[in-house]
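A quick write-up on the structure given underneath.
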Amino acid sequence: MADYLLVHGAGQGAWSWGPVWGYLTAPVQHPPRLHAPRRANKVHPLDLPGHGANVGKGNTARVTLEECVQAIIGAVAREGLRDVVLVGHGFAGLPLLQAAQQLPHPPKRLVLIAGIVPDNQRSLLAVFPPRTRKAFQILKALSAMARQDPRLPRWVITHYLCNGIDPMEVVHILGSFGPLPTHALTARVSVPGLKAPCPVTYVVLTQDRVLPPHIQRCMAGRIPDAEVLPLDSCHQVTLAKPRELADLLLRYA
């Protein structure tokens, strides 16, 4: 059985993996079936620097990609994760790829869920459609004028991240979204090579309004020999299709 490290997207936290964690760690059925389903061993959802439980411990807007990479490497060591499957959502894509290359022992697999993988010397923000980049710059400017950390507006969460999810379910998680790591999103990054030391699966979310499917497929194509799988979901797949996502992840247990 494999261990799993679950890494969230920008402005989110370990909380976003709650339903998926539940399906991954569900107890064995009693009485046991003749054919036992695959199960995870340890499952650890991580709060990146400045996110989730770490909001307020430093300036989220100034968090760097390298800090996120080191947090991932540190979590694998601290939690004693072995034969680990690294799972990343959105923003976590590039930090996971870089962490996989630096771990003392290669991961069992890397699973990127609409993972952001920019071209060399471009920013993570550069992969988004032009109107999204423009909206982000306006949000950043307005937040600076108000002397506040940039956060996604509620209507963006409701209509773009969580499109297709029952509105009453979305209401319960709106307050959980935190400030955005603007420096990590806008800084140019050096990506000289994306060859991972383990198999890579890229999950394309076919109803994603934040990162349209054609952009996801383009990013998947930047990773040599990546397996590409579709999943019919909006960007916030961890809440929209947790069971389907958990079943997909358990293929690699």
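Since every read-out is calculated from the coordinates, none of them should be taken as a lab result. Small disclaimer: the values here were computed from a predicted structure and weren't measured. Here the Cβ positions follow ideal geometry from the backbone for every residue, glycine too, while neighbour counts run over all protein chains shown.
Between R151, R243, R133, the Gaussian network model of the chain with springs among Cα atoms under 10 angstrom shows the greatest mean-square fluctuation at R133.
The order of E79, E67, going from fewest to most other C-beta atoms within 10 Å of their C-beta, is E79, E67.
Label the range 139-253 by shape, choosing from rounded, prolate and oblate, from the square roots a ≥ b ≥ c of the eigenvalues of the Cα gyration tensor; if a/c is under 1.5 it is rounded, and otherwise prolate applies when a/b is larger than b/c, oblate when it is not. Since a/c reaches 1.5 but b/c is at least a/b, the shape of the range 139-253 is classed as oblate. By how many degrees, between 0 and 90 and to the nearest 10, does the Cα long axis of helix 65-78 differ from the longest principal axis of the chain? Roughly 20 degrees between the two axes.
Could you identify which residue out of S233, S123, S176 has the top mean-square fluctuation in a GNM of the chain using Cα springs shorter than 10 Å? Fluctuation is largest for S176. Judged by the gyration tensor of its Cα atoms, with axes a ≥ b ≥ c, the range 189-232 is oblate; a/c meets the 1.5 cut and b/c is at least as large as a/b. Taking label positions 7 Å along the Cα-Cβ direction at both H105 and S190, the computed distance is 3.0 nm, reported to one decimal. Net length available on complete extension from M168 to K140 is 7.2 nm, with 0.36 nm assigned per residue and the Cα-Cα distance removed. Comparing L142, L94, L185 in a Gaussian network model of the chain where C-alpha atoms under 10 Å apart are linked, the largest mean-square fluctuation is found at L142.
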